[in-house]
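Undergrad: Structure incoming, see below.
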4 protein chains.
Amino acid sequence: MKKLEVGILGATGMVGQRFVSLLEHHPWFEIKWLAASERSAGKTYRDACNWRVRDPMPQSAWDLPVQECKPAGAPQLLFSSLDSKVAGEAEREFAQAGHVVVSNSSNFRMEHDVPLLIPDVNPDHLTLVREQRKQRKWKGMIVTNPNCTTVGLVMSLAPLQKRFGLDKVLMTSMQAVSGAGYPGIPTLDILGNVVPFIGGEEEKVERETRKLLGKCVDGQVKMGDFIVSAHCNRVMVEDGHTETISVALKNKASLPEIMQAWRDYRSLPQERNLPSVREERDRPQPKFDLLAENGMATVVGRLRECAVLQFKYVALSHNTIRGAAGAALLNAELMKSEGYLD
Amino acid sequence: MKKLEVGILGATGMVGQRFVSLLEHHPWFEIKWLAASERSAGKTYRDACNWRVRDPMPQSAWDLPVQECKPAGAPQLLFSSLDSKVAGEAEREFAQAGHVVVSNSSNFRMEHDVPLLIPDVNPDHLTLVREQRKQRKWKGMIVTNPNCTTVGLVMSLAPLQKRFGLDKVLMTSMQAVSGAGYPGIPTLDILGNVVPFIGGEEEKVERETRKLLGKCVDGQVKMGDFIVSAHCNRVMVEDGHTETISVALKNKASLPEIMQAWRDYRSLPQERNLPSVREERDRPQPKFDLLAENGMATVVGRLRECAVLQFKYVALSHNTIRGAAGAALLNAELMKSEGYLD
Amino acid sequence: MKKLEVGILGATGMVGQRFVSLLEHHPWFEIKWLAASERSAGKTYRDACNWRVRDPMPQSAWDLPVQECKPAGAPQLLFSSLDSKVAGEAEREFAQAGHVVVSNSSNFRMEHDVPLLIPDVNPDHLTLVREQRKQRKWKGMIVTNPNCTTVGLVMSLAPLQKRFGLDKVLMTSMQAVSGAGYPGIPTLDILGNVVPFIGGEEEKVERETRKLLGKCVDGQVKMGDFIVSAHCNRVMVEDGHTETISVALKNKASLPEIMQAWRDYRSLPQERNLPSVREERDRPQPKFDLLAENGMATVVGRLRECAVLQFKYVALSHNTIRGAAGAALLNAELMKSEGYLD
Amino acid sequence: MKKLEVGILGATGMVGQRFVSLLEHHPWFEIKWLAASERSAGKTYRDACNWRVRDPMPQSAWDLPVQECKPAGAPQLLFSSLDSKVAGEAEREFAQAGHVVVSNSSNFRMEHDVPLLIPDVNPDHLTLVREQRKQRKWKGMIVTNPNCTTVGLVMSLAPLQKRFGLDKVLMTSMQAVSGAGYPGIPTLDILGNVVPFIGGEEEKVERETRKLLGKCVDGQVKMGDFIVSAHCNRVMVEDGHTETISVALKNKASLPEIMQAWRDYRSLPQERNLPSVREERDRPQPKFDLLAENGMATVVGRLRECAVLQFKYVALSHNTIRGAAGAALLNAELMKSEGYLD
């Protein structure tokens, strides 16, 4: 099978680098085109990029020229990790010009006709793009994945919502520094410290969770009818967002039934066993569980009763893989297998 | 005024070292006697102790001989930071022998006739010792301070309980490594990691909070009639427990009224302005707020509405000062000013 | 005594903030004027500055207006911590206009007619300013302090040079992140890492050491006739540069004689006991020794024989106090007491 | 081919865990027997071991019973990572009983008839075992690998010694916390700190280097005729010892000739390209270079001239793989291919 040529918008940033790394040896997709800011345009990728991923830069990317973020010459399918300051205008321009933009940026996530997608959770939301193309008269389309903090929360909640219904969710995050990109968090701000504020993050988690777990009917998403409250914090961890979660359910459940709901959960497209459940009393931990399922799992553990809501547990997910580049890649895989890229 | 001679049980541990450090130049108390495990007994304090406090060991302590933990020769007033494995028996022995044991250990905290005390919050609980002496026929007494994670929670809740009544409290902690003593947490366990489990901690927080904020009537504490749920985590911070807290109140309140309740709160014995309130959107932080009021404040901030309960905020307190040695010292100061040490 | 009014060039940066912090309650100097980049000019200091020092910003600085870096209206004495990209031109302009610029920037350090000064080591180099004013026809003058890595090395070497003569010096540094300013080192670059390269640092250490320990004769400095080689590394420490040093001396010495040379060393202007010597086998350490003499000491320890050169030891100094703001302040104190500011 | 059955002495410690991890899927060796202290004996490996390696414990090891460190029932080939307090006696007992002990412990390294071996450097030293068996009348034998800090130094020096001869070596290490085992370094000792002392380490480096690079003639090692001086430090890095090295050579060399010597170096048994050379100005770094050649490379870089000796550079190696378990495993592979295990 001939591989589909793809491009990356924002290829030199942290998430862009993850795209380059994850797409090496991908069975379906092949990077042919990289774009970044004007400062980088005209250089080779190797010269333009301050590579920060631990695995070495794939040799196939070394000499790719970095383009400006303009549609001319770009392949049909584009992964976007543009900064939200420029993503709005740029992604719209590519979609109008006929490109499929699979975006990790926040700009279009809450638009009513743009899918906010986790293939393991709400693959049917992808149908929103029909509405999108009709209303916006775009030849292309935009599909988005959630914020890196939302994804672990939603993946741990989806099996509970499906079986018991959700009523209330209270979450506190301890987020990794890589979530802020590069250069991102100055060492002087976080060494030996906790920063209990991440601009806009709590609001994103609260609203994205309700869209992701909402019902898609007649080309519209009805937001989930439960409430969410988030406390977001930055801690000195490289990769991996850890979240403590308390939840109240609509219907009666027991601890073993919740464990079972997590274990039974199956989903399009990959039929993997997600979330991944651990039974040790002190897990999940970023150090040991970060790379479960190659960084695509959300690992849950420490399930117990909560005196205030009903149950409480801990969830962990890899913020630049499952929470960013890997999420967009999985979206594109779903789109391809569902025929959206033909 | 002649200073009161005091001793320390468990003087070589982390909290014991804090006692030694905080008691240097104390206006009322003077260290005359140090005790530790058999391994240390017989040495001078300087030889027995692997000093880990940043400020140098006070010269007055260098040559004090370390004793075994036996009452003979000990002064009347003793601060205890013994390990809970040995504290139960040892503290009982000292109390029987007529000593006043002001303890940071957890063993006696939940006994119905032992005061669990924060002078700024429940100074009247000190009257429990009358019951204690009557029932136990001790010539001395035991008074305790709460767990280091409980103290910041309770200090931030007390003004809210007083004005609005408490209904529900949900707390997630990000706790410093010094809370585990020395040697405590191995670097290999916490470097770049979050550990979402601290043995027994959540249970301590949940029950101690309700005793501290309970009413003391007729020599008995009626536990506070609200519910508490805690998620406790260890992060790579040296000193300072950061807590995210959501709360539902019994009576109607607004954000400004809560701020006012915190600001207005006054308490025995020191009439300080506690908790300390910050208005920046990203504070409190261990790096900047740890030493407010010489480490005796609980600093609160980020007050906002909570969709699930009603309000949410962040609290920070110094775990080895306000949460341990400083707490016991304040208890002793209260006891002295109330005439319990005459 | 009326205090001398002073100003700060580059007041919002990390070293500028240290100047503001150290000058609070200074017996001789009083901040009256702050300048920074155009971006900050026009704001109050509190609004312009992202304060990163642990001690709170002095209230006296809160409402000082931040000026552009232009001489008009500036006091005679100015402390400069400008970025080296702009320091060259700006400092020259101030000196021409009659100001005394006491600079922490590297631009003028190696100029033959500019004093590179450590008052404890080479106070006589201050006389170079006579040459400077004569040749450059400036009404003011520029005086500099060394790089933050040089200062600990030189303070530990000066007593050895004085008594035994220096032949060869080999130094490896483990430098704190605060040495790179703010935002400085991204967390992603240093968390769990060592970076064995700091641009230009090794060259600065090698040449500044020889100027500082050179002889000043007839308005000229003869570079010290010994050789220096430096390996510079960045490690995950907030403040404090640790250096391992091997040295060969011109004249015969023993370990006790070297200890004695360090202990006997006295110097203008403050007659303090510098460097400070520790005898424990595992000291100095940033955690415990950083603030010796309020951050102005260089702490040495672990003296032993070196098989390759002759002796080896460890030195530690506070890089933003003794290595930057405190160094410049001490230079100004020397200048005042020697009559250069009348 | 049937795999050779092997056992591990000290299987529950950090290096023991690395042995278990590295031996999974090994083509020649298969773990059949695990031994540890009395405290662990009698349990399954999974119950006895607090697993700290990031990769999960191999399932094949879960239910292996942990034995006491006694020869009865042990396979012929044993990897030892016993604590040096007990290794001396235990390893001797096994060797007397006919076992081949491939040891990471320091006890026998400097014995004149025990090979201290790096297969890439001094494979011929293995012949010492003939002398060993003759003199000690053991049916088995002991072979050792060097200290984790020595190995990177020696691997970077060997090509230089071979081509130019060594005269003087001065090394400063920045060592990872995993080198101290588990629990090892308390977080309170190293968070934001540098500890410039590691007991016995400098002495080990200085003497082991000269034995490893010595000549083996007539069943005796003549120590290398050069001098070595080491400064050893602990920094907050999980894995990977970084070393700055200055060197003076016996014969004339240029920078390009040294690069060429490193690149040309080939050695028994694996004909790999070691050490691995990097040309970026800020490498090697633990973050990026730790796992080069699966953790078996020593990565060198930043070669430049040294004013005091002649050349200087940086070397990095993985302390628990190349510096411990992987080193012993490579020794065993050499022994097998040379017929010592038949």
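The values are calculated or read from the model by the stated rules, or taken from the named source; none is laboratory data. All values reported here derive from a predicted model rather than from experimental measurement. As a convention, Cβ positions derive from the backbone with ideal geometry for all residues, glycine included, and neighbour counts pool all protein chains shown. With ligands, DNA and RNA removed, areas are computed over all heavy atoms of the protein, side chains included. Shrake-Rupley method; radii C 1.70, N 1.55, O 1.52, S 1.80 Å.
Undergrad: If a residue has to be within 20 Å of the chain's Cα centre (by Cα), surrounded by fewer than 19 Cβ atoms within 10 Å (Cβ to Cβ) and under 17 Å from A:Tyr313 (Cα atoms) to count, how many in region A:221-254 make the cut?
TA: Residues that pass the stated criteria total 0.
Undergrad: Check C:Thr150, C:Thr172, C:Thr127, C:Thr144 and return the single one that is under 20 Å from the mean Cα position of the chain (by Cα) and at the interface with chain D (Cβ under 10 Å from one of its Cβ atoms).
TA: From the options C:Thr150, C:Thr172, C:Thr127, C:Thr144, the qualifying one is C:Thr172.
Undergrad: Related question: Could you tell me whether region A:155-168 includes any residue that is under 28 Å from A:Ala253 (Cα atoms) and under 12 Å from the mean Cα position of the chain (by Cα)?
TA: yes
Undergrad: Turning to a different aspect of this structure: Quick one: in region C:272-284, of everything that is under 18 Å from C:Val151 (Cα atoms) and modelled with pLDDT under 95, which residue is nearest to the other protein chains (Cβ to nearest Cβ)?
TA: C:Ser276
Undergrad: Of everything in region D:58-70, what is surrounded by fewer than 17 Cβ atoms within 10 Å (Cβ to Cβ) and either over 25 Å from the mean Cα position of the chain (by Cα) or outside any loop (DSSP other than H, G, I, E, B) (or both)? Give them in sequence order.
TA: Hits for region D:58-70 are D:Gln59, D:Ser60, D:Trp62, D:Asp63, D:Pro65, D:Glu68.
Undergrad: Looking at D:Gly179, is it of a type outside the set (A, V, I, L, M, F, W, C) and open to solvent by 30 Å² or more (accessible area, probe 1.4 Å)?
TA: Yes.
Undergrad: Return the residues of region C:114-158 that are among the charged types (D, E, K, R) and surrounded by fewer than 23 Cβ atoms within 10 Å (Cβ to Cβ); say none if nothing qualifies.
TA: C:Asp124, C:Arg130, C:Glu131, C:Arg133, C:Lys134, C:Arg136, C:Lys137, C:Lys139
Undergrad: Select, from D:Val53, D:Val114, the only residue that is modelled with pLDDT under 95, of a type in the set (A, V, I, L, M) and on the phi < 0 side of the Ramachandran plot.
TA: D:Val53
Undergrad: Give me the pairs, please: first residue somewhere in region A:204-228 and free of Cβ contacts under 8 Å to residues at least 40 places away in the same chain, second residue anywhere and buried (at least 17 other Cβ atoms within 10 Å of the Cβ) and in a helix (DSSP H, G or I), beta-carbon distance under 7 Å, and either six or more positions apart or on two chains.
TA: Final answer for the pair search is A:Met223/A:Arg210; A:Met223/A:Lys211.
Undergrad: Restricting attention to region C:192-220, report how many residues are more than 19 Å from the chain's Cα centre (by Cα) and open to solvent by 10 Å² or more (accessible area, probe 1.4 Å).
TA: The qualifying residues number 9.
Undergrad: Is it true that some residue in region C:261-272 is in contact with a Lys or Arg (Cβ under 6 Å, 6 or more places away or on another chain) and surrounded by 20 or more Cβ atoms within 10 Å (Cβ to Cβ)?
TA: Checked region C:261-272: no residue is in contact with a Lys or Arg (Cβ under 6 Å, 6 or more places away or on another chain) and surrounded by 20 or more Cβ atoms within 10 Å (Cβ to Cβ).
Undergrad: Filter region C:1-41 down to the residues that are in a strand (DSSP E or B) and either within 14 Å of chain A (Cβ to nearest Cβ) or more than 13 Å from C:Leu82 (Cα to Cα) (or both) and list them by number.
TA: Within region C:1-41, C:Leu4, C:Glu5, C:Val6, C:Phe29, C:Glu30, C:Ile31, C:Lys32, C:Trp33 meet the criteria.
Undergrad: Tell me, which residue of region A:285-342 that is more than 10 Å from chain B (Cβ to nearest Cβ) and without any contact (Cβ under 8 Å) to a residue 12 or more places away in the chain is nearest to A:Ile8 (Cα to Cα)?
TA: A:Asp342
Undergrad: In this structure, does B:Arg234 turn out to be of a type outside the set (Asp, Glu), within 13 Å of another protein chain (Cβ to nearest Cβ) and without any contact (Cβ under 8 Å) to a residue 24 or more places away in the chain?
TA: It is false that B:Arg234 is of a type outside the set (Asp, Glu), within 13 Å of another protein chain (Cβ to nearest Cβ) and without any contact (Cβ under 8 Å) to a residue 24 or more places away in the chain.
Undergrad: Is there a residue being at positive phi and within 12 Å of chain A (Cβ to nearest Cβ) anywhere in region B:184-198?
TA: yes
Undergrad: Take B:Arg54 and decide whether it is open to solvent by 30 Å² or more (accessible area, probe 1.4 Å), in contact with a Lys or Arg (Cβ under 9 Å, 6 or more places away or on another chain), of a type outside the set (A, V, I, L, M) and more than 24 Å from B:Met335 (Cα to Cα).
TA: yes
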